[in-house]
1. Which peptide among 34-41, 172-179, 263-270 comes first, and what is the full order, when sorted by highest mean count of other Cβ atoms within 10 Å?
2. For Gly124, enumerate residues with amide H under 5 Å from its amide H, sequence gap 5+ or separate chain, H modeled in the peptide plane.
3. Starting from one equal scatterer on each C-alpha and no solvent at all, send me the Debye-based log10 I(q)/I(0) for segment 102-177 at q = 0.18, 0.27 Å⁻¹, two decimals.
4. For segment 155-221, with every protein chain kept in place, what is the accessible area per residue (1.4 Å probe, Å²)?
5. Can you give me the distance in nm between label points at Gln53 and Thr37, each placed 7 Å from the Cα along the Cα-to-Cβ direction?
6. Counting each DSSP H run of 4 or more residues in the chain as -39500 (n - 2.57), what helix-only mean residue ellipticity at 222 nm follows after dividing by all residues, to the nearest 500 deg cm²/dmol?
7. Using 0.36 nm per residue, how much length does the chain from Asp63 to Gln304 gain when fully extended, once their Cα-Cα distance is taken away?
8. What percent antiparallel are the DSSP beta bridges of the chain, to the nearest 5?
Amino acid sequence: MKKSITAALVFLLFLGETSAQNQNQQPKKSEMKLISTEQYTTFKVRSNIGVYQVTFKNQYNMDVVGHLFIPENFSQTEKHPAIVVGHPMGAVKEQSADVYASKMAEKGFITLAIDLSFWGESEGKPRNAVAPELYAEDFSAAVDFLGTRAFIDRNRIGILGICGSGSFVISAAKIDPRMKAIATVSMYDMGAANRNALNHLQTLDQRKKIIAEAAEQRYIEFNGGETKYTSGTVHQLDKNTHPVQREFYDFYRTPRGEYTPKGSSPELTTHPTLSSNTKFMNFYPFNDIETISPRPMLFITGDQAHSKEFSEEAYRLAAEPKELYYVPKAGHVDLYDKTDLIPFEKLSIFFQKNL
């Protein structure tokens, strides 16, 4: 029975690809394959959820790779709502994004967790490059993919961004009305975080020093020199390690959340390239956030989260309908994977109501 369901799903996925708009243009091809999740330790999937690795092109003809979660008892003759899930900045889909995607699939949604360009299995060089415009494009490309599947209702596609992806999905939704409901969890405004640091503790002089260092690094890399990396999560703790870094270390540098994509190394995970990271200085995702209305927005943050200033600011600037939801006794990273704290029922009700 399961083999027949799998075969039908494969057929439906490819059947859903749209025809070219003219005879001189071929539709972008998508690939998918059924995978086992037993090798992953950062997330678990129930046996009644089928998981597929999918590959599709973004608008710049770059491969975007994702995990597609499909409840195996869904009706193949009906169109279903779907949710795209984005990972924290510097992470990959196998971490928090897959946790959320698998749990929301259990709630009855088809979900797609993606690797952003330059990260994980998605295309882009140099690896770990910062490109917020391309990150936003990847979410639109995910909607392209889902909206051309025969069993997905293209008018019922939602989007969910965790941490840094919270700001990328807002950036995408401002210019992509196909995203019908937008939710963020533990959001970081990656532009404000890099310009000002948390709680606006970074001075303009400090910002200019960072920009100057990155600009000089461009000369080195242009001449074939070694790529340098910045920020990300520390690899060792000492008595001077900042509490926020300790919080990230507990996830990214321990078996709880550590995952090294093929072709990378533990030394490089989470670290963007130094010469590209300043792209965030020009990233203002909350500008014009009110234009997303009347599509609904849900901002979820822990009431103890060091990052809650970003969700609060987005909520302040957004137009109705909107909601700011605090998870009691939860920090920022708690909402990456602690399924007893993550308000999946809240998310399920939000997407059920608005998709």
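1. Numbers: 34-41: 12.4, 172-179: 18.8, 263-270: 14.6.
Per-residue Cβ counts within 10 Å, averaged per peptide and sorted highest first, yield 172-179, 263-270, 34-41.
2. Distant-sequence amide H within range of Gly124: Phe118.
3. -0.77, -1.37
4. Numbers: 2880 Å² over 67 residues.
Accessible surface, normalised per residue, equals 43 Å².
5. Modelled inter-label distance: 1.6 nm.
6. Rounded to the nearest 500, it is -9500 deg cm²/dmol.
7. Details: separation 241, 0.36 × 241 = 86.76 nm, distance 3.75 nm.
In short, 83.0 nm is gained.
8. Percent antiparallel among DSSP bridges in the chain is about 40.
The values are calculated or read from the model by the stated rules, or taken from the named source; none is laboratory data. Predicted, not measured: the structure shown is a model, and the values here were computed from it. Note: ideal-geometry Cβ built from the backbone for every residue, glycine included; neighbour counts use all protein chains shown. With ligands, DNA and RNA removed, areas are computed over all heavy atoms of the protein, side chains included. Shrake-Rupley method; radii C 1.70, N 1.55, O 1.52, S 1.80 Å.
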